[in-house]
Amino acid sequence: GSREQRELLGGKGANLAEMSLIEVPVPPGFTITTEACREYFGAGDRFPAGLEDEMESYLRRLEEIRGQRFGDCENPLLVSVRSGAQVSMPGMMDSILNLGLNSDTVEGLARKSGNRRFAFDCYRRFLQMFGDVVLGMAREEFESILSDRKKALGGSQDSCLGEEDLVSVAEEFRILIEQITRKDFPRDPMKQLRQSVEAVFQSWKNQRAVEYRRIHGIPDDWGTAVTIQAMVFGNRGARSGTGVAFTRSPATGEKSLYGEFLSDAQGEDIVAGSRTPQSLRQSPVSKGRSLQEMMPDVYGCLEKIAARLESHFEDMLDLEFTIEDGTLFLLQARRGKRTGPAALRIAHAMMKEGIVSKMTAIQRVEPDHLLQVLSPVFPEAERERAIAAGLLLARGLNAGPGASSGRIAFSAEEATRMHGRGEKVILVRTETSPEDILGMKVAEGILTARGGMTSHAAVVARGMGKSCIVGCEGIRIDPIAGRMTAGGRSIDRGEETSLDGTTGEVFLGRLTTIPSEIYRALRNEPVGKDQEGIFRAYRDLMDWADATRRLGIRANADTPEDARNARLLGAEGIGLTRTEHMFFAAERIPAVREMILASSPLERQRALSKLLPMQREDFYGILEEMDGLPVTIRLLDPPLHEFLPDEPALQEALAHEMGVEPEVVRAKVNLLREVNPMLGHRGCRLGLSHPEIYKMQVQAIFEAACKRKQDGGDPRPEVMIPLVGLVREIAILRRLVIQEAERVMKQFSIRVPFLVGTMMEVPRACLEAASIAEEADFFSFGTNDLTQMTYGFSRDDVAPILKSYLEMEILSVDPFQSLDVSGVGRLVEMATLAGRGRRGDLKIGICGEHGGDAKSIEWFHSIGLDYVSCSPYRLPIARLAAARAVIAEGNARENSRR
Ligand code: PEP
Ligand code: MG
């Protein structure tokens with residue numbers, strides 16, 4: 001096999017095959033394909049014909065290579081049986097080690113190895129794993145026998161168990177299995193193997209694997225491959241051990257071997273996080289002796305192999321290895337999961353080192369990675385204040401960067417419950433297990449008392465982009481009492497805590513956050529030395545993406561400050577300014593209410609003239625920030641009742657403030673009340689019934705633009721009419737805008753180039769796009785409303801329906817998050833074609849939430865839109881996604897040519 005065969009051999013099987021091709025030392029073995037697994041499920045959980053024969057014949061080959069025999073009492077071959085899907089699902093499925101042992105072969109192993117303690121350590125491990133994975137027994141039953149024994153000997157580590165202890169523990173395990181299953185333990189290794197392969201197939205369907213697939217969008221029908229390999233033993237004494245290594249730091253991207261190692265141990269010891277491992281490299285902070293110190297020759301060999309594998313696989317890798325009596329074996333190589341900062345730095349460094357191209361570097365950075373590096377952090381002063389106030393509870397390993405705060409939950413269920421009540425949660429566990437996955441998903445951050453950088457919690461949290469601290473030995477958790485102790489304090493469930501996943505510090509209470517270092521670097525504010533590399537990587541990657549993409553990128557921004565941020569983050573204009581957001585400011589809302597409550601045109605005009613200067617000032621500020629770039633300003637959109645209070649007491653207070661009878665306010669609220677406000681008196685409908693509001697807004701826009709031009713600026717306003725469904729609507733309002741714009745410009749004796757266009761957010765507008773194009777200089781798809789109206793789902797009330805539709809698999813994604821290409825997308829595509837057909841120079845963009853969704857952006861690129869517009873903090877994602885769309889297109893073309 002080779003690495004090209006992941007679909008068939010699973011990631012683990014394919015990469016093992018590849019490593020053996022390039023002569024990296026891996027234990028010999030063979031892989032049962034995912035196809036066999038699918039056939040097994042398809043036949044009602046029965047092995048496909050011929051599978052057992054094939055297994056036997058490959059076992060014979062394995063015996064020949066190793067010079068051992070499966071089930072032999074003199075020199076028995078032992079194997080591992082390991083799961084491995086097409087994409088890595090760390091810890092979600094099962095594996096069995098030391099298979100082939102029974103009360104006879106264990107004696108053979110003891111004799112052959114000359115180490116009876118080792119042989120029985122293997123045997124008790126096998127019994128435990130077989131009992132757990134194949135026979136469905138509780139792991140704790142075995143654990144409690146083991147820990148009772150250790151307690152009796154006055155120790156806590158496995159090393160306190162002597163040869164005789166392990167012999168009797170193994171015997172106790174066997175008796176326990178036979179008592180619970182009421183069957184003899186299967187002594188025949190072939191039978192053990194058959195049952196184990198079947199159990200690994202079945203582990204594809206265990207609950208946590210199903211959950212993991214749902215969260216990560218992995219299809220349920222792929223199935224897992226099963227790799228059967230000759231055992232190499234890390235539990236063979238002091239010159240043996242097992243470990244995991246990343247070829248670069250998965251937390252920071254630093255270029256050096258990084259990982260953990262346990263001497264005299266087998267693989268599961270490290271993943272379980274029950275013993276704190278040693279580090280690979282010597283460093284001032286490493287606890288205990290490092291592998292480098294203990295076995296410098298083996299460490300050197302590992303370093304060489306890691307570098308070789310990295311350049312062969314052209315990526316940062318996550319390796320599993322075992323050392324048997326001083327000889328190194330690789331057990332797995334896969335793409336290493338990494339944090340946002342690490343992803344950026346690794347992609348950038350590998351491009352600079354000539355390992356990958358710019359295109360590959362762009363593809364290596366995921367939207368979530370960017371979100372992480374742009375997410376807020378605790379300011380240094382806040383950290384120092386918290387430390388001085390004695391709020392620093394403990395320090396652990398900084399497994400997932402970023403700041404998070406929330407209320408403490410001690411179990412996944414607790415976390416889910418609290419999250420359901422709308423609370424932010426920090427999940428605190430002694431160590432996490434795959435069952436905790438749902439709790440981790442809803443948590444802001446994860447804190448564990450045990451485990452290393454590669455423990456389950458660390459790996460999964462990094463995959464989810466959560467801030468995470470592991471191995472925080474200073475905390476003691478009592479989940480039953482719902483309490484933990486740390487830093488000499490006792491902290492209850494529900495209390496607030498803050499995690500700094502970048503430094504590994506745990507604080508009591510909620511700390512305030514500030515923008516990320518990248519934001520600050522963009523604003524030329526000083527940043528930490530360690531952050532400069534990340535910033536350089538960010539800047540170069542964004543430059544490469546900008547040079548690659550064709551799609552324009554604009555921002556949705558409502559204030560000058562938003563606009564400034566947007567420009568820093570690479571916006572090439574503003575695609576949507578929602579003017580109503582300016583109306584809601586505390587000092588403005590009275591004037592807005594006055595306008596709504598006005599009883600005569602004169603009164604209304606008076607109120608509008610109070611709003612005019614405020615709006616003019618806003619528009620001036622935005623145009624100034626966006627000098628030389630287009631700024632799309634949308635005229636008022638929401639129904640007017642949104643600006644009036646709903647509650648009787650507040651209505652009375654308002655009446656008092658306005659100097660009118662409470663009855664007047666009540667009557668107005670009643671008059672404006674609508675059954676379906678989202679389908680009601682809003683958007684251009686409002687502009688048509690209250691042209692004076694739109695006129696005031698247009699006057700403010702053009703007065704601001706003219707003033708800006710007088711001041712030497714280069715304003716480029718684009719006026720946008722919302723919720724158009726009929727040609728006449730836009731025709732009338734376009735005339736209004738042009739008349740008012742011309743009037744103002746004439747007054748200023750200044751000309752400002754401008755456009756008048758429409759939002760496309762009513763399905764009817766898409767159907768009549770050709771005629772509407774005659775009245776519009778541009779279309780901007782409002783895919784929020786367009787999705788709402790195409791589905792007939794209310795944007796504001798749909799959450800419970802969506803939840804059950806997703807559960808029932810009626811929908812596979814939330815169409816408000818990722819564009820429904822086959823429905824709403826068809827309308828967008830159709831309208832784009834029709835509009836451009838009528839008017840070649842029609843500018844077309846999208847400003848709904850989908851403008852910041854990577855998958856949707858790829859699609860908008862494919863239908864040839866001019867730009868997408870999204871919230872400022874998603875701009876880097878949009879820039880990258882637009883570049884990735886170009887690369888994907890190129891790859892697809894390449895493939896079809898082949
Ligand atoms: C839209 O409908 O997609 C849009 C951008 O407008 P709003 O969300 O303000 O309705
Ligand atoms: Mg809308």
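The values are calculated or read from the model by the stated rules, or taken from the named source; none is laboratory data. No experiment lies behind these values; they were computed from the predicted model shown. So basically every Cβ, Gly included, is an ideal-geometry build from the backbone, and we count neighbours across all protein chains shown. The area values use the complete protein model at the heavy-atom level, side chains included, leaving out ligands, DNA and RNA. Shrake-Rupley method; radii C 1.70, N 1.55, O 1.52, S 1.80 Å.
Some points to look at:
- Share of Cα-Cα pairs in segment 746-867 lying beyond 21 Å, as whole percent: 42
- Förster radius 60 Å - calculated FRET efficiency between Met830 and Glu64 (Cβ-Cβ, nearest 0.05): 0.40
- Amide H within-cut-off set for Cys468, under 5 Å, with H built and near neighbours excluded: Ala399, Gly400, Ile446, Gly501
- Residue among Val24, Thr503, Ile750 farthest towards the positive dipole end of the chain, charges placed on Cβ: Ile750
- Per the Kirkwood formula applied to alpha carbons, segment 818-879 shows a radius of gyration over Rh ratio, Rg over Rh, of 0.98.
- FRET efficiency, Asp220 to Ala138 (Cβ-Cβ, R0 30 Å, nearest 0.05): 0.70
- Once you reduce segment 561-591 and segment 636-692 to the center of their Cα atoms, the two points are 23 Å from each other.
- Note on segment 622-759: Cα convex hull, mean projected area over all directions, 10.1 nm².
- Its residue count N sets the reference 2.2 N^0.38 Å, and the alpha-carbon radius of gyration of segment 268-414 equals 1.31 times that reference.
- One chain, two ends: Ser490 and Ile732. Fully extended at 0.36 nm per residue, the span grows by 80.3 nm beyond their Cα-Cα distance.
- Accessible surface of the chain [probe 1.4 Å, protein heavy atoms]: carbon and sulfur percent: 49
- Binned Cα-Cα distances of segment 125-251, short to long, each 10 Å bin given as a whole percent: 10, 28, 35, 22, 5
- In terms of overall dimensions, the C-alpha atoms belonging to segment 681-729 reach 39, 18, 15 Å along their principal axes, ordered largest to smallest.
- Estimated FRET transfer efficiency when R0 is 51 angstrom, pair Arg795-Arg308 (beta carbons, to 0.05): 0.40
- Histogrammed with a bin width of 5 Å, the alpha carbon distances of segment 696-780 distribute as 3, 16, 26, 19, 14, 11, 7, 3, 0 percent, first bin at zero.
- With both labels modelled 7 Å from their Cα along Cα-to-Cβ, the Arg476 to Leu767 distance reads 7.1 nm.
- Length released on extending from Arg187 to Ser156, taking residue separation times 0.36 nm less the Cα-Cα span: 8.1 nm
- Helix axis angle, 340-352 relative to the chain longest principal axis, alpha carbon, degrees: 80
- Here the simple spin-label model places points 7 Å from the Cα toward Cβ, and for Ile22 and Leu811 these points are separated by 4.4 nm.
- Hz values of 3J(HN,Hα) by residue in segment 466-480 - Karplus curve (6.51, -1.76, 1.60), Gly and Pro given as x: 9, 6, 8, 10, 10, x, 8, 5, x, 10, 10, 10, 10, x, 5
- For a modelled paramagnetic label at Ile589, 7 Å from Cα along Cα-to-Cβ, no residue of segment 657-676 is in reach, as no backbone nitrogen comes under 11 Å.
- Per residue accessible area of segment 288-407, 1.4 Å probe, in Å²: 39
- Taken over segment 361-479, the convex hull of the Cα atoms encloses 121 Å³ per residue.
- Computed from label points 7 Å out along Cα-Cβ, the spacing between Thr503 and Glu163 is 5.3 nm.
- Using distinct alpha-carbon pairs, which all enter the 1/r mean, Kirkwood radius of segment 350-404 in Å: 14.4
- Stokes-Einstein translational diffusion, the chain - Kirkwood Rh over all Cα pairs, 0.692 mPa s, 37 °C, in µm²/s: 106
- Remark: segment 2-93 is approximated by an ellipsoid whose semi-axes, taken from the C-alpha gyration tensor as √(5λ), come to 23, 19, 12 Å, largest first.
- Relative contact order %, the chain, counting alpha carbon pairs below 8 Å whose residues are six or more apart: 8
- Computed from backbone phi, the HN-Hα couplings of segment 300-308 come to x, 5, 4, 4, 5, 5, 4, 5, 5 Hz, rounded to whole numbers (Karplus: 6.51 cos²θ - 1.76 cosθ + 1.60, θ = phi - 60°; Gly and Pro given as x).
- Alpha carbon Rg of segment 211-354, scaled by the compact-globule rule 2.2 N^0.38 Å: 1.11
- Remark: segment 45-129 projects, on average over all directions, an area of 7.1 nm² (convex hull of Cα atoms).
- The spacing between segment 138-215 and segment 347-424, judged by their C-alpha centroids, is 36 Å.
- The Stokes-Einstein estimate for segment 534-629, based on a Kirkwood radius over Cα pairs and taken at 10 °C with 1.306 mPa s viscosity, is a diffusion coefficient of 102 µm²/s.
- Rounded to the nearest Hz, the phi-derived 3J(HN,Hα) couplings of segment 843-851 under the Karplus curve 6.51 cos²θ - 1.76 cosθ + 1.60 (θ = phi - 60°) are 8, 10, x, 9, 10, x, 4, 4, x, where x marks glycine and proline.
- Based on the Kirkwood approach, the hydrodynamic radius assigned to segment 213-276 is 14.6 Å, with every pair of different Cα atoms included.
- Contour excess over end-to-end distance, with Cα ends at Ser256 and Asp104 and 0.36 nm allotted per residue: 50.2 nm
- Between Asn75 and Arg69, the built amide H atoms are under 5 Å apart, and every one of these is 5 or more places off in sequence or on another chain.
- Distance from the alpha carbon centroid of segment 473-552 to that of segment 15-58 works out to 43 angstrom.
- In this structure, the amide hydrogen of Phe781, modeled 1.01 Å from its nitrogen in the peptide plane, lies closer than 5 angstrom to those of Met760, Gly845, Ile846, Cys847, counting only residues at least 5 positions away or on a different chain.
- Accessible area (Å², per residue) of segment 531-649, counting only protein heavy atoms and a probe of 1.4 Å: 39
- Reported value for segment 1-49: 72 Å³ per residue, from the convex hull of its C-alpha atoms.
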